[in-house]
Amino acid sequence: MFARLRGKVANKSVDRMILDVGGVGYDIMMSLNTYNQLPENGEEATLHIHTRIREDAFDLVGFADLEEREMFRLLLGVSGIGPRVALNILSGLSPAELVDTLMRENLASLTSISGIGKRTAERLIVELRDKVKDLEYGLNAQEAAQADRLGETLKQLQSALINMGYKAATVEKVATMLKPEVEDGVELGELVRLALQKMMKTR
């Protein structure tokens, strides 16, 4: 099994290339993301390799970086996702962007990729969301997803208080005061109770 190949780019197209390693040409599939990082024909390139052995074929899939190969392998673990579909996904989204999309449960971003319908997108989110949350290159995505959740909770809190007849300026001030509780994951009902207590004290 090959883990990495280094050689000269003999020929390349948007989805595969021939890498000349010591006079032997390796036919390698790849994503558009990797294609965009390849040097010109005749120049040297290094690819991280995923080897796929079947009864009738011996396929090599190449990646410009380890993060993309790791994400490719995670995608292959999802029911109904084969190598070509996985490469298609990675052609539309970089590994970091894909982590961000999964953590945000962004169906629109996934279904914008050719060949990915709503059911497949939902399956990708369900099966991969927990697996990608600890990836280092997904750290910003996790922070963004957490910020989204906090922002949504604050909006719900403010909406509940405004519907109870409190002025928007007062509600916004109290909601800001309760941000630490929101970050700690306090439930909405308890947040409303705490907000009412604070507003009574400030009267």
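The values are calculated or read from the model by the stated rules, or taken from the named source; none is laboratory data. Since we're looking at a predicted model, the values are computed, not measured. Every residue, glycine as well, gets a Cβ built from its backbone with ideal geometry; the counts of neighbours run over all protein chains shown.
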Hey, Ile89 at pLDDT 90 or above and assigned to a loop (DSSP other than H, G, I, E, B) or not: no
Checking Glu43 against (1) farther than 28 Å from Asp134 by Cα; (2) touching a Ser or Thr at 6+ places or on another chain (Cβ under 6 Å), the condition it does not meet: (2)
Criterion (modelled with pLDDT under 90, of a type in the set (Asp, Glu) and more than 25 Å from Gly151 (Cβ to Cβ)) met by exactly one of Glu55, Glu105: Glu55
Test: residue in the stretch 165-180 that is outside the structural domain of Pro95 (by TED's automatic domain parsing), closer than 30 Å to Leu76 by Cβ and modelled with pLDDT under 85: no
The stretch 73-92, subset crowded, with 21+ Cβ neighbours inside 10 Å and without any contact (Cβ under 8 Å) to a residue 40 or more places away in the chain, residue farthest from the chain's Cα centre (by Cα): Ala86
